[in-house]
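The values are calculated or read from the model by the stated rules, or taken from the named source; none is laboratory data. Bear in mind that the values here come from a model prediction, so they are computed numbers and not experimental data. As a convention, Cβ positions derive from the backbone with ideal geometry for all residues, glycine included, and neighbour counts pool all protein chains shown. We work out accessible area using only protein heavy atoms, side chains counted, and drop any ligands, DNA or RNA first. Shrake-Rupley method; radii C 1.70, N 1.55, O 1.52, S 1.80 Å.
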Amino acid sequence: MSHAKLKLIGSMTSPYARKARIVAAEKRIDILFVPADPWSPQSGIPELNPLGKVPVLVLEDGTPLYDSRVIVEFLDGVSPIAKLIPADHRDRIEIRRWEALADGVLDAGILARLEAQRPTGERSQGWIARQMATVERGLTAMDRELDSRAWCAGSGFSLADIAVGCCLGWLEFRFPDLAWRARCANLVRHQDKVADRPAFADTVPHA
Ligand code: GSF
(Lines give C-alpha, C1' and ligand atoms only; values in the text may rest on other atoms or scores of the structure.)
Protein backbone atom coordinates (compact mmCIF):
# COMPACT_ATOMS: atom_id res chain seq x y z
CA MET A 1 0.00 0.00 0.00
CA SER A 2 1.41 3.44 -0.86
CA HIS A 3 0.70 6.51 1.23
CA ALA A 4 3.33 8.72 -0.36
CA LYS A 5 1.06 11.72 -0.08
CA LEU A 6 0.99 11.65 3.72
CA LYS A 7 3.22 14.50 4.86
CA LEU A 8 4.63 14.67 8.39
CA ILE A 9 5.75 18.11 9.48
CA GLY A 10 8.18 18.02 12.36
CA SER A 11 11.65 18.82 13.56
CA MET A 12 14.68 16.57 13.93
CA THR A 13 14.72 17.27 17.65
CA SER A 14 11.03 16.79 18.48
CA PRO A 15 10.48 13.55 20.40
CA TYR A 16 6.77 13.60 19.52
CA ALA A 17 7.57 13.89 15.82
CA ARG A 18 10.07 11.07 16.28
CA LYS A 19 7.35 8.89 17.79
CA ALA A 20 5.19 9.46 14.70
CA ARG A 21 8.11 8.79 12.32
CA ILE A 22 8.97 5.54 14.08
CA VAL A 23 5.34 4.38 14.02
CA ALA A 24 5.19 5.07 10.26
CA ALA A 25 8.48 3.24 9.66
CA GLU A 26 7.55 0.22 11.79
CA LYS A 27 4.30 -0.02 9.83
CA ARG A 28 6.06 0.44 6.47
CA ILE A 29 3.98 3.50 5.67
CA ASP A 30 5.83 5.71 3.23
CA ILE A 31 5.42 9.26 4.54
CA LEU A 32 7.17 12.39 3.41
CA PHE A 33 8.97 13.96 6.38
CA VAL A 34 9.09 17.75 6.07
CA PRO A 35 11.44 19.37 8.60
CA ALA A 36 10.10 22.63 10.04
CA ASP A 37 10.94 24.83 13.02
CA PRO A 38 7.86 25.66 15.11
CA TRP A 39 9.70 28.62 16.64
CA SER A 40 10.32 30.27 13.27
CA PRO A 41 7.72 32.95 12.36
CA GLN A 42 7.79 31.72 8.74
CA SER A 43 7.16 28.05 9.57
CA GLY A 44 3.52 28.04 8.40
CA ILE A 45 2.76 25.64 11.26
CA PRO A 46 0.04 27.77 13.00
CA GLU A 47 -1.91 27.75 9.71
CA LEU A 48 -2.03 23.95 9.92
CA ASN A 49 -2.19 23.52 13.69
CA PRO A 50 -3.69 26.38 15.70
CA LEU A 51 -1.67 25.14 18.67
CA GLY A 52 1.47 26.04 16.72
CA LYS A 53 3.21 22.76 17.47
CA VAL A 54 4.77 19.88 15.62
CA PRO A 55 4.18 17.16 14.63
CA VAL A 56 1.38 17.71 12.14
CA LEU A 57 0.36 14.99 9.71
CA VAL A 58 -1.19 16.35 6.52
CA LEU A 59 -3.50 13.83 4.90
CA GLU A 60 -3.96 13.29 1.15
CA ASP A 61 -6.92 15.70 1.11
CA GLY A 62 -5.00 18.38 3.03
CA THR A 63 -6.59 17.69 6.44
CA PRO A 64 -4.01 18.41 9.16
CA LEU A 65 -3.91 15.98 12.09
CA TYR A 66 -2.44 16.75 15.50
CA ASP A 67 -1.25 16.03 18.10
CA SER A 68 1.16 13.06 18.05
CA ARG A 69 -1.29 10.78 19.87
CA VAL A 70 -3.94 11.31 17.20
CA ILE A 71 -1.32 10.92 14.46
CA VAL A 72 -0.04 7.57 15.77
CA GLU A 73 -3.57 6.25 16.14
CA PHE A 74 -4.32 7.30 12.58
CA LEU A 75 -1.14 5.66 11.24
CA ASP A 76 -1.72 2.45 13.17
CA GLY A 77 -5.19 2.18 11.65
CA VAL A 78 -4.03 2.82 8.09
CA SER A 79 -2.81 -0.74 7.66
CA PRO A 80 -3.03 -4.02 9.54
CA ILE A 81 0.75 -4.49 9.24
CA ALA A 82 2.64 -4.50 12.57
CA LYS A 83 -0.22 -3.40 14.82
CA LEU A 84 1.16 -1.15 17.54
CA ILE A 85 -2.09 -0.41 19.40
CA PRO A 86 -4.17 -3.51 20.15
CA ALA A 87 -7.93 -3.70 19.59
CA ASP A 88 -8.73 -5.08 23.04
CA HIS A 89 -9.98 -2.26 25.26
CA ARG A 90 -7.89 -3.01 28.38
CA ASP A 91 -4.75 -3.79 26.39
CA ARG A 92 -5.14 -0.58 24.42
CA ILE A 93 -5.62 1.51 27.54
CA GLU A 94 -2.53 -0.03 29.13
CA ILE A 95 -0.46 1.03 26.14
CA ARG A 96 -1.97 4.51 25.97
CA ARG A 97 -1.22 4.96 29.64
CA TRP A 98 2.43 4.18 28.99
CA GLU A 99 2.36 6.73 26.20
CA ALA A 100 0.74 9.33 28.50
CA LEU A 101 3.49 8.72 31.05
CA ALA A 102 6.36 8.93 28.56
CA ASP A 103 4.87 12.00 26.82
CA GLY A 104 4.20 13.59 30.22
CA VAL A 105 7.85 13.20 31.20
CA LEU A 106 8.74 14.92 27.93
CA ASP A 107 6.23 17.71 28.54
CA ALA A 108 7.85 18.40 31.92
CA GLY A 109 11.39 18.19 30.51
CA ILE A 110 10.50 20.61 27.72
CA LEU A 111 8.94 23.10 30.17
CA ALA A 112 12.07 22.93 32.32
CA ARG A 113 14.31 23.48 29.32
CA LEU A 114 12.31 26.45 28.04
CA GLU A 115 12.34 28.02 31.49
CA ALA A 116 16.10 27.53 31.77
CA GLN A 117 16.52 29.40 28.47
CA ARG A 118 14.79 32.53 29.78
CA PRO A 119 16.96 35.53 30.79
CA THR A 120 18.29 35.17 34.36
CA GLY A 121 15.94 37.75 35.89
CA GLU A 122 12.83 36.11 34.39
CA ARG A 123 13.79 32.53 35.18
CA SER A 124 12.11 30.62 38.00
CA GLN A 125 14.35 28.00 39.59
CA GLY A 126 11.32 26.78 41.53
CA TRP A 127 9.45 26.08 38.30
CA ILE A 128 12.45 24.27 36.82
CA ALA A 129 12.81 22.18 39.99
CA ARG A 130 9.09 21.30 39.91
CA GLN A 131 9.28 20.11 36.30
CA MET A 132 12.49 18.15 36.88
CA ALA A 133 10.89 16.46 39.90
CA THR A 134 8.11 15.32 37.54
CA VAL A 135 10.75 13.96 35.15
CA GLU A 136 12.39 12.03 37.99
CA ARG A 137 9.09 10.62 39.27
CA GLY A 138 8.13 9.59 35.73
CA LEU A 139 11.45 7.82 35.20
CA THR A 140 11.10 6.00 38.51
CA ALA A 141 7.57 4.89 37.64
CA MET A 142 8.56 3.68 34.16
CA ASP A 143 11.54 1.78 35.52
CA ARG A 144 9.45 0.15 38.25
CA GLU A 145 6.57 -0.77 35.93
CA LEU A 146 8.85 -2.17 33.26
CA ASP A 147 10.47 -4.35 35.90
CA SER A 148 12.16 -7.36 34.27
CA ARG A 149 9.70 -7.59 31.38
CA ALA A 150 10.94 -7.67 27.81
CA TRP A 151 8.43 -5.06 26.61
CA CYS A 152 6.44 -2.32 28.36
CA ALA A 153 3.03 -3.87 27.78
CA GLY A 154 1.82 -7.27 26.67
CA SER A 155 4.17 -9.79 25.11
CA GLY A 156 5.55 -7.80 22.20
CA PHE A 157 6.80 -4.50 20.84
CA SER A 158 4.10 -1.79 20.81
CA LEU A 159 3.46 1.93 20.82
CA ALA A 160 4.35 1.89 24.54
CA ASP A 161 7.93 0.87 23.71
CA ILE A 162 8.16 3.54 21.02
CA ALA A 163 6.90 6.26 23.38
CA VAL A 164 9.32 5.24 26.13
CA GLY A 165 12.20 4.97 23.64
CA CYS A 166 11.53 8.47 22.29
CA CYS A 167 11.25 9.89 25.80
CA LEU A 168 14.58 8.45 26.92
CA GLY A 169 16.27 9.31 23.62
CA TRP A 170 15.24 12.95 24.04
CA LEU A 171 16.41 13.06 27.67
CA GLU A 172 19.79 11.69 26.57
CA PHE A 173 19.96 14.35 23.86
CA ARG A 174 18.83 17.37 25.92
CA PHE A 175 19.82 16.37 29.47
CA PRO A 176 22.99 14.28 29.02
CA ASP A 177 23.88 14.86 32.70
CA LEU A 178 20.64 13.50 34.11
CA ALA A 179 22.27 10.17 34.99
CA TRP A 180 19.07 8.13 34.79
CA ARG A 181 21.21 5.28 33.45
CA ALA A 182 22.86 4.95 36.84
CA ARG A 183 19.58 4.33 38.64
CA CYS A 184 17.07 2.88 36.12
CA ALA A 185 18.56 -0.46 35.10
CA ASN A 186 15.32 -1.74 33.57
CA LEU A 187 15.01 1.34 31.36
CA VAL A 188 18.66 1.03 30.31
CA ARG A 189 18.08 -2.54 29.14
CA HIS A 190 14.93 -1.49 27.26
CA GLN A 191 16.55 1.57 25.68
CA ASP A 192 19.57 -0.34 24.45
CA LYS A 193 17.25 -2.90 22.87
CA VAL A 194 14.94 -0.49 21.03
CA ALA A 195 17.88 1.65 19.89
CA ASP A 196 18.96 -1.23 17.62
CA ARG A 197 15.76 -1.10 15.59
CA PRO A 198 16.33 0.64 12.23
CA ALA A 199 13.37 3.00 12.78
CA PHE A 200 15.05 4.26 15.98
CA ALA A 201 18.57 4.35 14.56
CA ASP A 202 17.34 6.38 11.54
CA THR A 203 15.67 9.05 13.68
CA VAL A 204 18.20 9.80 16.43
CA PRO A 205 17.62 13.45 17.46
CA HIS A 206 20.22 15.94 16.34
CA ALA A 207 20.45 19.73 16.24
C1 GSF B 1 3.32 18.13 22.00
C2 GSF B 1 4.01 18.74 20.78
C3 GSF B 1 5.09 19.74 21.15
O4 GSF B 1 5.25 20.14 22.31
C5 GSF B 1 2.19 16.21 20.79
O6 GSF B 1 2.29 16.34 19.56
O7 GSF B 1 2.16 15.10 21.33
N8 GSF B 1 1.32 17.07 22.88
C9 GSF B 1 2.00 17.45 21.66
N10 GSF B 1 5.89 20.11 20.15
C11 GSF B 1 6.90 21.13 20.35
C12 GSF B 1 8.18 20.72 19.67
S13 GSF B 1 8.99 19.59 20.61
O14 GSF B 1 9.55 20.12 21.72
O15 GSF B 1 8.65 18.36 20.34
C16 GSF B 1 6.48 22.41 19.64
O17 GSF B 1 6.09 22.36 18.49
N18 GSF B 1 6.58 23.55 20.33
C19 GSF B 1 6.27 24.83 19.79
C20 GSF B 1 5.50 25.68 20.75
O21 GSF B 1 5.13 26.80 20.36
O22 GSF B 1 5.22 25.23 21.88
**Asked** Taking only DSSP H segments of four or more residues, each worth -39500 (n - 2.57), what value at 222 nm results for the chain once the sum is divided by all its residues, to the nearest 500 deg cm²/dmol?
**Response** -16500 deg cm²/dmol
**Asked** Across the stretch 22-31, in residue order, what do the Karplus-derived ³J(HN,Hα) couplings come to in whole Hz, using 6.51 cos²θ - 1.76 cosθ + 1.60 with θ = phi - 60° and x for Gly and Pro?
**Response** 5, 4, 4, 5, 4, 8, 6, 9, 7, 9
**Request:** Provide the per-residue ³J(HN,Hα) series for the stretch 106-122, in order, calculated from phi with Karplus coefficients 6.51, -1.76, 1.60 and θ = phi - 60°, each as a whole number of Hz, with x at glycine and proline positions.
**Result:** 5, 3, 5, x, 5, 4, 5, 5, 5, 5, 5, 8, 6, x, 3, x, 9
**Request:** Assign unit charges at the C-beta atoms only (+1 for Lys and Arg, -1 for Asp and Glu), then state the dipole size of the chain relative to its Cα centre in Debye, rounded to the nearest 20.
**Result:** 280
**Request:** State in Å² the accessible area per residue of the chain; use a 1.4 Å probe, count heavy atoms of protein chains only, and round to the nearest integer.
**Result:** 51
**Request:** May I ask which residue of Val58, Ile71, Ile95 lies farthest towards the positive end of the charge dipole of the stretch 1-152, with charges of +1 (Lys, Arg) and -1 (Asp, Glu) on Cβ and the Cα centre as origin?
**Result:** Ile95
**Prompt:** What are the semi-axes of the equivalent ellipsoid of the stretch 1-76, taken as the square roots of 5 times the eigenvalues of the Cα gyration tensor, listed largest first and rounded to whole Å?
**Reply:** 19, 13, 11
**Message:** Averaged across orientations, what area in nm² does the convex hull of the alpha carbons in the stretch 29-186 project?
**Reply:** 11.4
**Request:** For Phe175 and Asp192, calculate 0.36 nm times their separation in residues minus their Cα-Cα distance, and state this gained length in nm to one decimal.
**Result:** 4.4 nm
**Asked** Which lysines have a Cα lying under 22 Å from the Cα of Lys27, excluding residues fewer than 8 positions away in the same chain?
**Response** Lys5, Lys7, Lys19, Lys83, Lys193
**Complete:** Expressed in nanometres to one decimal, the distance between label points 7 Å along Cα→Cβ at Ala185 and Ser40 is 4.6
**Prompt:** At a Förster distance of 25 Å, what's the computed FRET efficiency of His206 paired with Ala116, Cβ-Cβ distance as r, to 0.05?
**Reply:** 0.80
**Request:** Name the long-range amide H neighbours of Phe33: under 5 Å, sequence gap of 5 or more, or other chain; modelled H, no Pro or chain starts.
**Result:** Leu8
**Item:** Cα gyration tensor shape for the stretch 51-117, rounded if a/c is under 1.5, else prolate or oblate
**Value:** oblate
**Complete:** As a percent rounded to 5, the proportion of antiparallel DSSP bridges among beta bridges in the chain is 55
**Fill in**
Expected vector for the stretch 158-165, Karplus 3J(HN,Hα) from phi with 6.51, -1.76, 1.60 and θ = phi - 60°, integer Hz, x for Gly and Pro, equals 8, 3, 4, 5, 5, 4, 5, x
